[in-house]
1. Just for the stretch 44-60: of the residues that are assigned to a loop (DSSP other than H, G, I, E, B) and among the small types (Gly, Ala, Ser), which one is nearest to Val158 (Cα to Cα)?
2. Return the residues of the stretch 112-151 that are closer than 25 Å to Ala22 by Cβ and not in a loop (DSSP other than H, G, I, E, B); say none if nothing qualifies.
3. Could you please find all residues in the stretch 80-138 being within 16 Å of the ligand (Cβ to nearest atom), more than 18 Å from Ile179 (Cβ to Cβ) and of a type in the set (S, T, N, Q)?
4. Do we have Val55 as within 16 Å of the ligand (Cβ to nearest atom), surrounded by 14 or more Cβ atoms within 10 Å (Cβ to Cβ) and not acidic (Asp, Glu) here?
5. The conditions are (1) over 23 Å from Val53 (Cβ atoms); (2) out of contact with any His (no Cβ under 8 Å at 6 or more places or on another chain); (3) without any contact (Cβ under 8 Å) to a residue 60 or more places away in the chain, and Thr193 fails exactly one of them. Which is it?
6. Residue under question is Asn70, and the condition is that it be touching a residue at least 12 places away in the same chain (Cβ under 8 Å), more than 30 Å from Leu323 (Cα to Cα) and within 16 Å of the ligand (Cβ to nearest atom); does it hold?
7. Can you report the number of residues in the stretch 24-52 which are of a type in the set (Ser, Thr, Tyr) and buried (at least 17 other Cβ atoms within 10 Å of the Cβ)?
8. Could you look through the stretch 58-67, keep only residues that are aliphatic (A, V, I, L, M) and away from the ligand (no atom under 16 Å from the Cβ), and pick out the one that is nearest to Ala30 (Cα to Cα)?
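The values are calculated or read from the model by the stated rules, or taken from the named source; none is laboratory data. Bear in mind the structure is a predicted one, so any value in this text is a computation, not a measurement. FYI the Cβ positions are ideal-geometry reconstructions off the backbone, even for glycines, and counts take in every protein chain you see.
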Amino acid sequence: MKKTVTALALSIGMLLPFASYAKNNVVVVATGGTIAGAGASSTNSATYTAAKVPVDALLNAVPQIQNLANVTGVQALQIASESITDKELLTIARKVNELVKRPDVNGVVITHGTDTLEETAFFLSLVVHTDKPIVVVGSMRPPSALSADGPLNLYSAVALAAADDAKGKGVFVLMNDDIFAARDVTKTINIHTDAFQSQWGALGSLVEGKTYWFRNIAKRHNNSSEFNIDDIKGDALPLVQIVYGSTNMLPESYLALQKAGVKAIINAGTGNGSVANYIVPTLNQLQQQGIQIIRSSRVPQGFVLRNAEQPDDKYGWVVAHDLNPQKARLLAALALTKTKDAKEIQRMFWEY
Ligand code: ASP
């Protein structure tokens, strides 16, 4: 009996080191962007063509990722992210959804242009039901540039996607050693490598292939979301567009969108989502004709207060809370797949 126990303990002891080194499987979904860009020379850090390098070359350029996980790649798109439409967004979401459902996939990385990276990340956090880590990563310099930031960003993104302690924490944006929550990260500088920030701070840091966590997100996402990519048919979402606020606005900007068939307008208002007094009647007219009016702000920090700058209850308008206009556009589009009720849409803006 004693011998059997000793033998058992020995064999467990021998197996343990292997068990702890068993690597997770991570799939990199490549979509283009600067991280796959190419410039004419190594000093071209800002002048280059995005979306040139195929996924295999991206992965082979950072062989160290294979020490972190068993990494394979799929080329979903090859596009500069400013050209992404609902069609491409849905293609990415469906691809990621298909991958996370596979039992042999532990995490997914999406390489993406930085221009609209935050939008894709937020959308994935709303529609993909999983607790597996999903990491969206880009770079500010193309791989051909001196001090390209893509290789380390990719390395860290794979480390994050493979990290067991990243499970259930949502969709991340990994840039410049920071781990951000998809819902509140935004691109704040268009020229430096520390381009992404969140007004609520990063969730954590990724240093030398290890995660360091500092906070969790308080809002609904992924498994707790009421939206699901499986329920979305076709390759377009309900049409929602943004009008940017300034002095000297024209009602025609909103009326043109009505003609184009919008179902909601995100007003990226001045200050606390303010609307000029001479624009209010146009917005109320559109609201009465069934177009949702959603007040966001052109100010990058803070949040829009309901019934403060405008009597939202009286007008039947919605406030976007702390979502920036481009993220408000996506939540509004998803909300409109479920309801036309402004109160119900407002509930969603409080919860996501
Ligand atoms: N325009 C590029 C893109 O979004 C910029 C980048 O990736 O940094 O695809």
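1. First, pick out the residues of the stretch 44-60 that are assigned to a loop (DSSP other than H, G, I, E, B): 44-48, 50-54.
With the extra rule that they be among the small types (Gly, Ala, Ser), the set shrinks to 45-46, 50-51.
Numbers: Ser45: 24, Ala46: 25, Ala50: 21, Ala51: 20 Å.
Here the residue is Ala51.
2. Ile134, Val135, Val137
3. Ser81, Ser83, Thr85, Thr91, Thr116
4. yes
5. Answer for Thr193: the failing condition is (1).
6. Details: touching a residue at least 12 places away in the same chain (Cβ under 8 Å): yes; more than 30 Å from Leu323 (Cα to Cα): yes; within 16 Å of the ligand (Cβ to nearest atom): no.
In short, no.
7. Going through the stretch 24-52, the residues of a type in the set (Ser, Thr, Tyr) turn out to be 31, 34, 41-43, 45, 47-49.
Of the ones still in play, those that are also buried (at least 17 other Cβ atoms within 10 Å of the Cβ) are 31, 34, 45, 48.
Counting residues in the stretch 24-52 that are of a type in the set (Ser, Thr, Tyr) and buried (at least 17 other Cβ atoms within 10 Å of the Cβ) gives 4.
8. Leu59
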